[in-house]
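Engineer: Below you will find the structure I want to go over with you.
The values are calculated or read from the model by the stated rules, or taken from the named source; none is laboratory data. Bear in mind the structure is a predicted one, so any value in this text is a computation, not a measurement. Note that we place each Cβ from the backbone using ideal geometry, even for glycine, and neighbour counts take in every protein chain shown.
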Amino acid sequence: MKRLFVTVISALLLCGHVGSAEDSLENLTLEQALALAEARHPLLREANANIAAAGGRVTQAGAFPNPEAIVRVESAPFDGKGDPEYLVGFSQRIPINGSIGKAREVESRDQERLRNELEVTRLTVRKKVHGAFATALYQEAAFNTLDAIRQHLSNGAEIAKARVEVGDALSEDLARSEMELRWSELDLRQAKALREQALLELADALGEPSSKIGSLSGNINEVLELASLERISANLSAHPEIAAAQADVDLQRARVALAKAERVPDLNVEVLYRRIVEEKRNSADFGISVPLPLFNRNSGRVREAEAGVTAAEARSAKKRSDLAVNLRQLESQLAEALHRARLLQDEIMPRARKVLNAAEARYKEGDVSLSDVLPARRDWALVQMAQLEALREVMSAWAGLSVFARR
């Protein structure tokens, strides 16, 4: 209940933040994106509607049968001689097998199953939003990185031009610098298109494909909190799909109990008022009827329900096995992605930056040629992109593992 309250409040605040005619979302954070998806996503609205419908079935299953009104004429003569007898009363079906309580239990179990499936859907939506947000952040960071690289190459082209003008470098060096600059502009243009595509995919993940996302707020390093991720622990039993599978087993067992209870037929009680016109007197009739289970003992329904239990238990075992494998894969992916991100961040990037700064300084002083600087520039660009890709892989693994996680 507390989480639902926080989600609704966050979504309302976010909706107030939007406020433009085009429903443009500016400075969207990961927390706001998740709250918006939980409040608006059509899959979640459908799942909540299914739970509400199940609640109606629970109420209906627990209702006692309605009585039946009886109005009847008996002994009506064909020749008009004598008087008929008139009867008025009611009959009531009385379940003596506990089927009402068991039917209500079946529907309650089904509602619980739907609640667990809602949680599965919610986490699936969150995972998709998380992944789409990570990709959009990555594309944003890649665009900014490539723009910085383009600016760096533009400065290098200016230096090459100045050196050519004073006769300190060959014209081929200037042509190579300008070629590198043009390549970087092409890369930047492609990165811009990929950034826009990532924002569209994020809007779709939110369940609002028509919404326009103007910008995101957050740094991919800050969002990930690598030190915190390294302390993550996983718990298979915490996964909602395990609970959903077990709820299905419980539902099938409740159906077995109902099918067995229905082998005992219901009683039917009749209470009638009889008017004997010929004798001008009143009387009362009472009766009890019960079906004799000679030909139908509901054995087929019982076998069907018992087979349903076996199938549900098999599905539950398969789901647990699949999730265990998935958990190990995600843990391995996260560990490898964290190692790669740490290595790039702490070991490779500082050295690549140092090499580049030294090469640029020597080139600016005329101590080395452009061919000596270009490998350092390329290495620096590759290292930055590799670091961003490693962080994106960390976020992807984290999004999958978070449904198992407890901190």
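Engineer: Within the stretch 385-406, identify whether any single residue is part of a helix (DSSP H, G or I), within 30 Å of Asp110 (Cα to Cα) and among the aliphatic types (A, V, I, L, M), and answer yes or no. Even if it seems obvious, please write down each step before you answer.
Structural biologist: Taking the stretch 385-406 first, the residues part of a helix (DSSP H, G or I) are 385-401.
Filter once more, keeping what is within 30 Å of Asp110 (Cα to Cα): 399-401.
Now drop any that are not among the aliphatic types (A, V, I, L, M), which leaves 399, 401.
Checked the stretch 385-406: at least one residue is part of a helix (DSSP H, G or I), within 30 Å of Asp110 (Cα to Cα) and among the aliphatic types (A, V, I, L, M).
Engineer: Among the listed residues Ala169, Ala160, Ala134, identify the single one that is buried (at least 20 other Cβ atoms within 10 Å of the Cβ), in a helix (DSSP H, G or I), more than 51 Å from the chain's Cα centre (by Cα) and modelled with pLDDT under 85.
Structural biologist: Numbers: Ala169 fails: in a helix (DSSP H, G or I); Ala134 fails: more than 51 Å from the chain's Cα centre (by Cα).
The match here is Ala160.
Engineer: Also, quick follow-up: I'm checking my understanding of the structure. Among residues of the stretch 279-309 that are exposed (fewer than 11 other Cβ atoms within 10 Å of the Cβ) and more than 25 Å from Gln92 (Cα to Cα), which one is nearest to the chain's Cα centre (by Cα)?
Structural biologist: Gly300
Engineer: Yes or no: Phe143 touching a strand residue (DSSP E or B) at 6+ places or on another chain (Cβ under 9 Å), modelled with pLDDT of 85 or more and in a helix (DSSP H, G or I)? Full working, then the answer.
Structural biologist: Working: touching a strand residue (DSSP E or B) at 6+ places or on another chain (Cβ under 9 Å): no; modelled with pLDDT of 85 or more: yes; in a helix (DSSP H, G or I): yes.
So Phe143 fails the test.
Engineer: Which members of the stretch 54-95 meet the condition of being exposed (fewer than 12 other Cβ atoms within 10 Å of the Cβ) and assigned to a helix (DSSP H, G or I)?
Structural biologist: Correct list: Gly56, Thr59, Gln60.
Engineer: Which of the residues that make up the stretch 348-373 are at pLDDT below 80 and surrounded by fewer than 19 Cβ atoms within 10 Å (Cβ to Cβ)?
Structural biologist: Lys364, Glu365, Gly366, Asp367, Val368, Ser369, Ser371, Asp372
Engineer: On to the next question. Do you know which residues across the stretch 96-124 are surrounded by fewer than 18 Cβ atoms within 10 Å (Cβ to Cβ) and farther than 21 Å from Ile51 by Cβ?
Structural biologist: Ile96, Asn97, Gly98, Ile100, Gly101
Engineer: Let me ask something additional. Could you pull out the residue among Gln345, Gln329 that is among the polar types (S, T, N, Q), at pLDDT 85 or above and in a helix (DSSP H, G or I)? Explain how you work it out, then say what you get.
Structural biologist: Working: Gln345 fails: at pLDDT 85 or above.
That would be Gln329, the only listed residue that is among the polar types (S, T, N, Q), at pLDDT 85 or above and in a helix (DSSP H, G or I).
Engineer: Within the stretch 215-253, which residues are touching a strand residue (DSSP E or B) at 6+ places or on another chain (Cβ under 8 Å), part of a loop (DSSP other than H, G, I, E, B) and modelled with pLDDT of 65 or more? Walk me through how you get there before you give the answer.
Structural biologist: Just the residues of the stretch 215-253 that are touching a strand residue (DSSP E or B) at 6+ places or on another chain (Cβ under 8 Å), to begin with: 215-217, 232-235, 238.
Now drop any that are not part of a loop (DSSP other than H, G, I, E, B), which leaves 215, 217, 232, 235.
Scanning the stretch 215-253 gives Ser215, Ser217, Asn235.
Engineer: Return the pairs, sorted by first residue and then second, in which the second residue is among the charged types (D, E, K, R) and part of a helix (DSSP H, G or I), the first residue lies in the stretch 383-404 and is farther than 28 Å from Arg351 by Cα, the beta carbons are less than 6 Å apart, and the residues are 6+ apart or on different chains.
Structural biologist: Taking only residues 6 or more apart or on different chains, the pairs are Ala399/Lys127.
Engineer: What is the one condition in (1) among the aliphatic types (A, V, I, L, M); (2) in contact (Cβ under 8 Å) with a residue 40 or more places away in the chain; (3) surrounded by fewer than 17 Cβ atoms within 10 Å (Cβ to Cβ) that Leu334 does not satisfy?
Structural biologist: Checking Leu334 against (1) among the aliphatic types (A, V, I, L, M); (2) in contact (Cβ under 8 Å) with a residue 40 or more places away in the chain; (3) surrounded by fewer than 17 Cβ atoms within 10 Å (Cβ to Cβ), the one that fails is (3).
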